[in-house]
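Engineer: A single structure is presented below for examination.
The values are calculated or read from the model by the stated rules, or taken from the named source; none is laboratory data. Nothing here was measured: the structure is a model prediction, and the numbers come from that model. No Cβ is skipped: glycine too gets one built from the backbone with ideal geometry, and neighbour counts run over all protein chains shown. Surface accessibility is based on the protein's heavy atoms, side chains included, excluding ligands, DNA and RNA. Shrake-Rupley method; radii C 1.70, N 1.55, O 1.52, S 1.80 Å.
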Amino acid sequence: ELDLTMRFAFFTATTYVDQDGVTVATTVGDGLAAGSTAHTVRGSSTTFRNIIANNPVLSKGGLEAGEALFAQQMINSSGVIVTPKPSALAVANDPATINTARELMQSSADITTNNSGIVNVYKGKYEILVLDYLAKTALGARDSTKEKRWFLVDKAHTDAVCEISEQPHLISPQPGANSEDFDNDDWTFMCSAAYGLEIIDPKWCVVSLGNGEV
């Protein structure tokens with residue numbers, strides 16, 4: 001789960017170093033980071049971006065800016081505009097951001113106005129996903145710089161792959177099979193798994209780093 005979430009925690013990076021000291025490449029099909037202001041396609045010189053300009057904290061205006069990227073920026077391999085439809089709002093495990101997401105998605109009135117008669121157009125519009133490992137380093141330690149990060153995601157058309165070639169499993173030592181450590185009689189239990197993670201085409205996801213940077 002930590003490795004999966006690192007693809008979002010390092011969404012605008014091309015690599016990160018995991019817990020084993022291995023450099024993990026996080027580039028997508030065009031050779032750029034998953035989050036970029038200038039993604040390329042094969043059959044056109046037109047580029048698209050999936051980083052929300054100015055990286056706002058989660059708000060009604062920020063959501064509208066993210067929706068505009070889906071409506072105006074996403075293109076196919078020929079450079080023709082396509083319009084993925086976001087279905088989920090993903091946030092870090094940050095109480096302030098989670099509460100803002102819930103206010104936006106659950107309030108009956110627009111949260112930016114004092115007029116109770118104004119309809120909240122975002123009520124129930126997106127599923128809220130809380131990524132518990134998003135605001136973490138690759139080692140699993142807290143990373144406060146990622147706490148305000150949020151994503152709009154089209155869950156129905158994710159162009160990402162999780163290939164599991166060996167399911168996680170435990171191999172227990174057996175009595176009489178030289179499983180004991182000679183010096184202290186400790187036994188070693190082996191856990192192993194094998195899997196590969198790749199994001200191919202990132203137009204199903206837009207991000208705001210929530211830090212106000214252009």
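Engineer: What is the helix-to-structure angle for 95-106, meaning the angle in degrees between its Cα long axis and the longest Cα principal axis of the chain, kept from 0 to 90 and rounded to the nearest 10?
Structural biologist: It works out to around 50 degrees.
Engineer: Follow-up question, since we're still on this one. In deg cm²/dmol, rounded to 500, what helix-only [θ] at 222 nm does the chain give when every DSSP H run of at least 4 residues adds -39500 (n - 2.57) and the total is split over its residues? Before the final figure, lay out each step's value.
Structural biologist: Details: 3 runs with 33 residues, N = 214.
When only DSSP H runs of four or more count, the value is -4500 deg cm²/dmol.
Engineer: So what's the net charge close to Phe11: Lys and Arg +1, Asp and Glu -1, counting the other residues with Cβ under 11 Å from its Cβ? Don't jump to the answer; show the numbers that get you there.
Structural biologist: Numbers: positive: Arg7, Lys146, Arg149; negative: none.
For residues surrounding Phe11, the net value is +3.
Engineer: Further question: On a 1.4 Å probe surface of the protein chains, which of Arg42, Arg7, Arg142, Arg102 comes out largest in accessible area, and what is the full order? Working shown, then result.
Structural biologist: Working: Arg42 230, Arg7 30, Arg142 165, Arg102 120 Å².
I get Arg42, Arg142, Arg102, Arg7, largest accessible area first.
Engineer: Could you let me know the centre-to-centre spacing of the range 1-70 and the range 141-185, using Cα atoms, in angstrom?
Structural biologist: Taking the Cα centre of each part, the range 1-70 and the range 141-185 sit 23 Å apart.
Engineer: What residue among Tyr195, Tyr16, Tyr133 shows peak mean-square fluctuation when the chain is described by a Gaussian network model with Cα springs under 10 Å?
Structural biologist: Taking springs between Cα atoms under 10 Å, the residue moving most is Tyr195.
Engineer: Viscosity 0.692 mPa s, temperature 37 °C: give me the Stokes-Einstein translational D for the chain in µm²/s, with Rh taken as the Kirkwood radius over C-alpha pairs. Let's see the in-between values first.
Structural biologist: Details: Rh = 19.4 Å.
This corresponds to a translational diffusion coefficient of 170 µm²/s.
Engineer: Ratio of the range 67-191's C-alpha Rg to 2.2 N^0.38 Å, to two decimals?
Structural biologist: Working: Rg = 23.6 Å, N = 125, 2.2 N^0.38 = 13.8 Å.
Compactness ratio reported: 1.71.
Engineer: Treating cross-link reach as a plain straight distance, find the lysines whose alpha-carbon is under 16 Å from the alpha-carbon of Lys203, omitting any fewer than eight places away in the same chain.
Structural biologist: Answer for Lys203, where 16 Å is the Cα cut-off: Lys85, Lys155, listed by chain and number.
Engineer: Another one. Under 8 Å for C-alpha pairs, at least 6 residues apart: give me the relative contact order for the range 48-206, rounded to a whole percent. Provide the component values of the computation, followed by the final result.
Structural biologist: Values: 260 pairs, mean separation 38.7, N = 159.
Relative contact order here is 24 percent.
Engineer: While we're here: For the range 142-214, just say rounded, prolate or oblate: build the C-alpha gyration tensor, square-root its eigenvalues into a ≥ b ≥ c, call rounded for a/c under 1.5, and beyond that prolate if a/b exceeds b/c, oblate if not. Write down the numbers at each step before the final one.
Structural biologist: Values: a/c = 5.67, a/b = 2.23, b/c = 2.54.
Verdict is oblate for the range 142-214.
Engineer: Same structure again: Can you tell me the 0 to 90 degree angle between the C-alpha axis of helix 60-72 and the longest principal axis of the chain, rounded to 10?
Structural biologist: On a 0 to 90 degree scale, this one is about 90.
Engineer: Which net charge results when you count Lys and Arg as +1 and Asp and Glu as -1 among the other residues whose beta-carbon is under 11 Å from that of Leu2?
Structural biologist: Values: positive: Arg7, Lys136; negative: Glu1, Asp3, Asp18, Asp132.
Result for the local shell: -2.
Engineer: Accessible area per residue for the range 57-209 in Å², computed with a 1.4 Å probe and the full protein assembly in place, what is it?
Structural biologist: Value for the range 57-209: 57 Å² per residue.
Engineer: Continuing with this model, one more query. Could you grab the relative contact order for the range 151-214? Cα pairs under 8 Å, six or more apart, rounded to a whole percent. Walk me through the numbers before you get to the answer.
Structural biologist: On the way: 80 pairs, mean separation 31.6, N = 64.
Contact order relative to length: 49 percent.
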